[in-house]
Amino acid sequence: MNSFISSMQQGFNESFSAITVFQLSAPPSDAVSRCVGLWKTKGARRTSTGMQEQFKQRGWTGTELIIGHSGRAFLTNVVFETRSYRRLLSHAPSLLPDRIKRATITKVYVDIIARTVESESSPVTELWCLTDWATRMNLSGFEKSYAESSMHSLEESFNAQGIMTAPARDLNRWDIPSDIPLSLPELTAMRKAAKKSRG
């Protein structure tokens with residue numbers, strides 16, 4: 001792996017995730033549908049079969065999307081081996097548009113879940129959106145930047161639609177309450193169960 005890619009991976013660790021919690025006036029199913037639609041504009045094309053049912057069993061409306069794939073690591077190294085790319089992007093990776101970052105990232109899961117919660121005035125929908133890579137190996141270095149940029153776009157879109165009832169909250173993985181089915185062990189178990197149910 002070249003020095004540019006290695007340097008961009010420094011600082012990434014197992015606690016990485018982009019987690020944003022939105023409070024919306026739309027019903028849970030509608031909130032999830034809107035979020036999925038926005039992620040599709042960001043390049044999400046695949047859904048993890050069986051995860052909707054796994055979330056439903058836990059009392060949530062939700063789904064899991066997949067962006068990228070692990071086979072892109074080789075192409076990433078070839079492209080960014082050139083000196084001009086390394087010089088430019090080592091200083092300003094944010095200059096790249098999201099579509100370029102998406103083309104180079106490894107497999108990333110996007111988990112979207114929603115439920116109704118009580119607020120001071122009336123029930124609202126709590127929408128959780130988590131992005132996390134499927135492997136810690138062969139990272140392109142753009143996963144975190146792409147995820148954070150996408151979360152910001154979601155917030156802007158929900159604001160523009162007039163359905164946000166409170167500011168969005170950005171969390172770390174260790175901040176996730178135990179009743180939220182987004183911990184790494186629980187998601188791993190859910191994916192295994194979903195795969196088993198497919199036969």
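The values are calculated or read from the model by the stated rules, or taken from the named source; none is laboratory data. Because the structure is predicted, anything quoted here is derived from the model rather than measured. Note that we place each Cβ from the backbone using ideal geometry, even for glycine, and neighbour counts take in every protein chain shown.
Between S70, S7, S3, the distinction of being surrounded by fewer than 18 Cβ atoms within 10 Å (Cβ to Cβ), in contact with a helix residue (DSSP H, G or I) (Cβ under 8 Å, 6 or more places away or on another chain), more than 14 Å from D111 (Cα to Cα) and modelled with pLDDT under 90 belongs to S3 only.
Just checking, does segment 154-164 include any residue being assigned to a loop (DSSP other than H, G, I, E, B) and modelled with pLDDT of 90 or more? Walk me through it before giving the result.
Of the residues in segment 154-164, the ones assigned to a loop (DSSP other than H, G, I, E, B) are 162-163.
Subset that is modelled with pLDDT of 90 or more: 162-163.
Looking for residues that are assigned to a loop (DSSP other than H, G, I, E, B) and modelled with pLDDT of 90 or more, one finds at least one in segment 154-164, hence yes.
With respect to G59, determine if the residue is on the phi > 0 side of the Ramachandran plot and at pLDDT 95 or above. Here the answer is yes, as G59 does meet what is asked.
Screening R136 against (1) surrounded by fewer than 17 Cβ atoms within 10 Å (Cβ to Cβ); (2) under 16 Å from the mean Cα position of the chain (by Cα); (3) modelled with pLDDT of 80 or more leaves a single unmet condition, (3). Take the conditions (1) under 26 Å from S197 (Cα atoms); (2) in contact with a helix residue (DSSP H, G or I) (Cβ under 9 Å, 6 or more places away or on another chain); (3) at pLDDT 95 or above; S33 misses just one of them, which is (2).
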